[in-house]
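Colleague: Just dropping this structure here.
Here, each number is a calculation from the coordinates, and none is a lab measurement. All of these numbers come straight from a predicted model, not from anything done at the bench. Positions of Cβ are backbone-derived with ideal geometry, glycine not excepted, and every protein chain shown enters the neighbour counts.
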Amino acid sequence: MANILVIDDDKDILRLIEFTLKRAGHTIITSTNGAQGLTLAKEQSPDLIVCDVMMPKLNGYDFCKAARDDDTLKDVPIIMFSARFQPIDKQTALDAGATDYLPKSTDPDALVNRIAELLPANGTAKASVRSMIGLFSLRGGAGVTSLSVNIAIALALSQKTRVSLVDLAQLGGHAALMLGLRPTSSVPQLLSSVSGNFTSDVMQPHFMRHNSGVQVLASPPTLGQAFSLTDDRLLRMVSSLKSFSPLTVLDVPHILEEHFSPVLQLLDRILLVLSPDMPSVQSTVIALQGLNQLGMDSKKIGLVVNQVSPHNPLPIEIIQKAIKRPILATIPFEPNMTKAVNSSNPLLLSNPKSAGAMAIGKLALNLLGKT
């Protein structure tokens with residue numbers, strides 16, 4: 001069922017709506033003021049929002065205006081639910097961006113029915129999808145991080161949901177840099193801050209939000225902060241990510257070691273990225289052998305050829321013959337990719353109609369079974 005955010009400073013009304021909607025099978029997030037509600041909406045990417053008009057810190061009208069200015073919330077249905085029901089109140093709400101305006105005297109079952117009518121056709125499916133995708137190459141230079149960043153953005157924009165991007169490079173990863181973000185925390189700081197469970201409340205302060213809807217957990221940026229891949233807290237953190245975000249993209253380090261296998265086993269899909277040259281093909285053959293020895297389900301592995309250079313790429317037929325596996329996707333050479341990286345403005349945002357961006361967008365949808 002759907003994930004619904006309810007905002008009301010009247011706690012009795014809040015409890016009543018929460019009970020009613022949970023009974024209908026929905027997952028409920030609650031807030032008692034407009035400012036907190038807006039923050040939760042951006043973090044949790046609800047399928048629908050129910051909010052009061054007269055609320056502290058940010059009233060319902062201003063909440064709607066702010067939500068419609070946010071790319072991840074602009075299409076989310078918003079029901080204004082208020083004790084005030086003069087025609088001018090309804091019109092003001094609709095002008096501010098509300099989808100509908102209902103009085104608090106509305107029968108609970110009628111509210112449930114109206115929510116069902118307003119939910120997107122794929123709303124229930126979107127709420128239930130929990131997928132973790134890892135990108136990996138045994139050899140550097142294949143463009144794993146740039147693909148990770150752009151796939152995460154493509155997922156966030158197409159699915160209108162929260163996407164977590166986690167940079168598992170043990171030191172000096174570039175995911176945050178490519179998004180123009182300055183890390184205030186990183187993977188080892190999150191790991192060291194937890195003594196118990198990795199709950200959403202514990203993890204959220206360590207993620208940085210990008211305006212695309214992607215939130216990033218950075219790799220340690222300085223020498224001396226590297227973390228160990230054998231830390232048992234790392235496995236617990238990764239296993240908690242599915243409950244933290246509907247979609248998660250992991251930039252996986254260039255290693256094939258048994259102690260890292262439990263983390264890899266948590267992935268729903270792993271994209272094995274290679275460039276169209278013989279050294280990369282050779283490394284990919286070894287990587288496939290290594291993943292097999294670590295017990296990875298071969299059905300989860302997809303090969304992605306990323307043409308990082310314009311010069312003399314190996315034909316796809318030769319690559320497939322050498323690897324003996326089909327190619328899931330081919331990303332053409334994109335001359336704007338280096339500019340996008342250097343300007344910290346990812347290709348999916350800076351040049352979305354380019355051939356490279358469109359191929360990445362198609363791959364992202366393919367990963368969710370939507371193409």
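Colleague: Which number gives the lysine pairs in the stretch 130-367 that have C-alpha atoms under 30 Å apart and are eight or more places apart or on different chains?
Modeller: Within the stretch 130-367, the lysine pair count is 21.
Colleague: Treat every Asp and Glu Cβ in the chain as -1 and every Lys and Arg Cβ as +1, leave all other atoms uncharged, and give the resulting dipole magnitude about the Cα centre to the nearest 20 debye.
Modeller: Numbers: 33 positive and 31 negative charges, 140 e Å.
With Lys and Arg at +1 and Asp and Glu at -1, about 680 debye.
Colleague: On to the next question. Check VAL214: other-chain or 5+ apart residues with amide H under 5 Å from its amide H, H built from backbone geometry?
Modeller: Amide H neighbours of VAL214, under 5 Å, 5+ apart: none.
Colleague: Which one of LEU314, PHE207, LEU363 is farthest out on the positive end of the charge dipole of the stretch 130-367, using unit charges on Cβ (Lys, Arg +1; Asp, Glu -1) and the Cα centre as origin?
Modeller: With unit charges placed on the Cβ atoms, the residue in question is LEU363.
Colleague: What residues of the stretch 55-98 lie in the reach of a label at ARG209, counting those whose backbone N is under 12 Å from a point 7 Å from the Cα along Cα→Cβ?
Modeller: What the label zone holds, given the 12 Å backbone N cut-off, is 67, 70-73.
Colleague: Round to the nearest 0.05 the FRET efficiency obtained for SER228 and GLU117 when R0 = 51 Å and r is the Cβ-Cβ distance. Let's see the in-between values first.
Modeller: Details: r = 51 Å, r/R0 = 1.01.
In this case the efficiency is close to 0.50.
Colleague: Oh, and also: Let me have the 222 nm mean residue ellipticity of the chain computed from DSSP H runs of 4+ only, each contributing -39500 (n - 2.57), with the sum over all residues rounded to the nearest 500.
Modeller: My calculation for the chain gives -12000 deg cm²/dmol from helical runs alone.
Colleague: Could you check which residue among PRO46, PRO335, PRO276 shows the biggest mean-square fluctuation in a GNM of the chain with a 10 Å Cα cutoff?
Modeller: Among PRO46, PRO335, PRO276, the largest mean-square fluctuation in the Gaussian network model of the chain belongs to PRO335.
Colleague: Give the whole-number value, in cubic angstrom per residue, of the convex hull volume spanned by the C-alpha atoms of the stretch 3-125.
Modeller: Taking only Cα atoms, the stretch 3-125 has a hull volume of 91 Å³ per residue.
Colleague: Please give me, ordered by residue number, the trypsin sites (Lys or Arg not before Pro) of the stretch 126-167 that lie in loop per DSSP and have at most 10 other Cβ atoms within 10 Å. Write down the numbers at each step before the final one.
Modeller: Details: sites: LYS126, ARG130, ARG139, LYS160, ARG162; in loops: ARG130, ARG139, LYS160, ARG162.
Counting only loop positions with at most 10 other Cβ atoms within 10 Å, none of the trypsin sites (Lys or Arg not before Pro) in the stretch 126-167 qualifies.
Colleague: I need the Debye-formula profile for the stretch 270-371: one equal scatterer per C-alpha, no solvent, reported as log10 I(q)/I(0) at q = 0.10 1/Å, two decimals.
Modeller: Relative scattering, expressed as log10 I(q)/I(0), comes to -0.31.
Colleague: Cα-based Rg (one decimal) and Dmax (whole number) for the stretch 130-367, in Å?
Modeller: 16.9, 52
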